[in-house]
Every structure is written in structure tokens, then in C-alpha cells.
Amino acid sequence: MKRKKILITGASGQLGFVLTKALQFKYGIKNIIATDINFHSSLEGHFEFLDVTDLIALKQMVVDYKVSQIYHLAAILSAKGEKDPIKTWDINIKTLTNVLEVSRLNNVKKVFFPSSIAVFGNNILRINTPQNSNLSPSTMYGVTKVAGENLANYYFQKYGIDVRSLRYPGIIGHQSLPGGGTTDYAVEIYHKAVRNENFECFLEPFTMLPMIYIDDAVRATIELMEAPSQQISIRTSYNLAGMSFSPKDLVMSIRKSYPYFQVNYKPDFRQEIANTWPVSIDDSKAVQDWDWQPEFDLNRMTKDMIANLKKQLLTTK
Ligand code: AKB
């Protein structure tokens, strides 16, 4: 059997960093090429600087290393994207079309493209948001994800490229910080708690959003990519659920370990984005097609986050 050669874009990002390690573990460190425009100093193995807007550079790398799969994670997220919507459109769409075109022309068989709950906007059922909801996103990031889902489907239908995708909820992990999302508060809050510092939350206390622990997000990605092709019935992007909670729920969970943890609420423009997103997600298609089951609920995640962040604090002291 031909060995997989996997190229990851955005490997220094919040998800990319952890997914790179998981893929290195699963397929062998020699078979993974991690790329980004920034270097994460804890990344091990083969790393290359790559700006995915540069079609020639991407193509060269795919040809040189005989890449057979691409996980394309590089993107601008929802909140940062609203500061410069045109740049967000340019970067998110240009990088995805480059990845798909290079794949088409150079025999890359499989591509992973992350979508997001940001594809949903007003006019949806916000509780258990169904897979086939109307997609009218409220952010440019969401607009690029809707377009990306359709591009993924197009390249599958027209050229037979095995593109697979997940609509990630907010991802929470201890290994790396998110950059520029509406759900970022749910990571930052743990960093403050373990340092015994107060936290200022940019969302209102009862803003319930879909979230997922990074271990589950990484496992879902690999399970989707490993599933037999005939089981994949969604070629735009699968709804994916982990848990749902509000800032208030999260504070209560943290207070089990830090009873005096203080939070004050100062909602900003990100509140308006969150108001248009689902409260919870119906991921029955993922359950049906490739047997998806999350393992982490809020309290289990909190225990794991706190234990790991405490360890990190001790080693950096
Ligand atoms: C964001 O908040 O922009 C991301 C996402 C839900 O896609 N975390």
C-alpha cells in the first residue's frame, strides 16, 4: 500500500498544533509536513514556512514531497475577520481554492477543510440546529465557510477529489491559544483561573454556544478522514457537536476548583456575532455515517484543562 504523505497548513494554530501531533503519532513523524506562516516552538518533526496564498510555493511543496493528503487549517476566524472583511474573504477563499486546484492537478487524493458553526446566522432553529438549515452567516468568516463548503462539494462532484469537512463548534484546548474567534473567551478564562486572576468576559453570562474539547475535535477529524468513502453522505460539511454552555455555566464549573474565581462581563461586538449562532447542534448525520460520539462534557473538560494548565504553569516558573 502507498504510504500517506500529509501536508498540514496552519499547523501552528490552535487546532493545527494538536492535530499535527496526533497525525505524526498515527502515521509516523516522517510522513507529516507541518506548514504555517509562523513557527510554533513546540512543534516537532518536518516544518516548512508556507503562505498558502502563494500557489507556486504550495504546488512546489506538494510535488517535492509527493503529498497525498492535505489538511488545510489556515484561515482568519470570525472576530478578527470582522476587522478586515475583504482581507478575510481574500485569504480564506484564495487559500482554499489554491489547495483544491493544486490537489486536482497533482494527484492529491484527500483534502480536509474545516468549516464552522459560523455558517449559521439568523433564521435558523437555534436549538439542535439541523444539518440542512438555511445558511445566511452574519460574519465574513461565515460567508467564506459557506462558500468553502460549496467549493468542497463542487471539487468532489466535478473532479472526484475526496474533500471532507466538519462544522467545528468553538474549540477549547490547553496546548495552544486560539486567535481571533468569538468563542476564544472559553480558553482564556481557564488561563486566568489557574493564575488566580480575575477575568473580563466579552460575552454576556447566559450566551449559550456549541463548544468542543480539543481531544474530541482532533478525534472527530481523524475519524471522519479514516471513514470509508461510501459512508460519507455529506460533501459540504458535517454538523459536529461536543457540548453547549454559557460563560455562567463555565464559571460554575471552574469554581469547583477555584471557589473565589471572579468574572465581570463586558460584552463587545462579539456578542452580536454570538447572538446569531446556534445554541446547540444536531449532529445526527455524523453519528449515523461514521459513528461520532464526543467524550468530554463541561466538567470533565474543566478538570483536564485545569490539570494541564497547572502543569504548564509549574514548568514555566
Ligand atoms: C470562532 O469563534 O470564530 C471559531 C469558530 C466557532 O469557528 N472558534
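What follows is calculated from the coordinates using simple rules that are stated; it is not laboratory data. Since the structure is predicted, the reported quantities are computational estimates derived from the model, not experimental observations. Glycine also receives a Cβ, built like all others from the backbone with ideal geometry; neighbour counts cover every protein chain displayed.
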- The extension gain from N128 to V63, computed as 0.36 nm times the residue separation minus the Cα-Cα distance, is 19.1 nm
- Query: Looking at the range 1-72, which trypsin sites (Lys or Arg not before Pro) are DSSP coil and have at most 12 other C-beta atoms within 10 Å of their C-beta?
  - Reply: K2, R3, K66
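For the range 82-145, just say rounded, prolate or oblate: build the C-alpha gyration tensor, square-root its eigenvalues into a ≥ b ≥ c, call rounded for a/c under 1.5, and beyond that prolate if a/b exceeds b/c, oblate if not. Numbers along the way, then the final one.
On the way: a/c = 3.84, a/b = 1.55, b/c = 2.47.
Note, shape of the range 82-145 comes out oblate.
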- At most 14 other Cβ within 10 Å, DSSP loop - trypsin sites (Lys or Arg not before Pro), the range 190-220: R195
- Enter the mean projected area of the convex hull around the alpha-carbon atoms of the chain, in nm², rounded to one decimal. 15.5
- Mind listing P(r) for the range 217-317? All alpha-carbon pairs, 5 Å bins, whole percents. 2, 10, 15, 16, 16, 16, 12, 8, 4, 1, 0
- Message: In whole Å, what are the extents of the range 105-198 along the principal axes defined by its C-alpha atoms, from largest to smallest?
- Response: 54, 36, 22
- Note on the structure: Counting as exposed only chymotrypsin sites (Phe, Trp or Tyr not before Pro) in DSSP loop states with no more than 14 other Cβ atoms inside 10 Å, the longest exposed-site-free span of the chain is 40-205
- For every helix of n ≥ 4 consecutive DSSP H residues, a contribution of -39,500 (n - 2.57) applies; sum these over the chain, divide by its total residues, and give [θ] at 222 nm rounded to the nearest 500 deg cm²/dmol. -13000 deg cm²/dmol
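Quick one: compute a quarter of the convex hull surface over the Cα atoms of the range 151-285 and quote it in nm². Walk me through the numbers on the way to the answer.
Numbers: hull surface 37.3 nm².
Averaged projected area of the range 151-285's Cα convex hull equals 9.3 nm².
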- Task: Give a quick list of GluC sites (Glu not before Pro) in the range 40-88 that DSSP marks as loop, anything other than H, G, I, E or B, with at most 15 other Cβ atoms within 10 Å.
- Result: E44
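Obtain the radius of gyration and the Kirkwood radius of the range 23-93 from its C-alpha atoms and give Rg over Rh. Mind showing how you got there, number by number?
On the way: Rg = 14.0 Å, Rh = 13.8 Å.
When Rh is taken as the Kirkwood radius, the ratio is 1.01.
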- Quick one: grab Rg to one decimal and Dmax as a whole number for the range 28-140, Cα atoms only, in Å. 16.4, 47
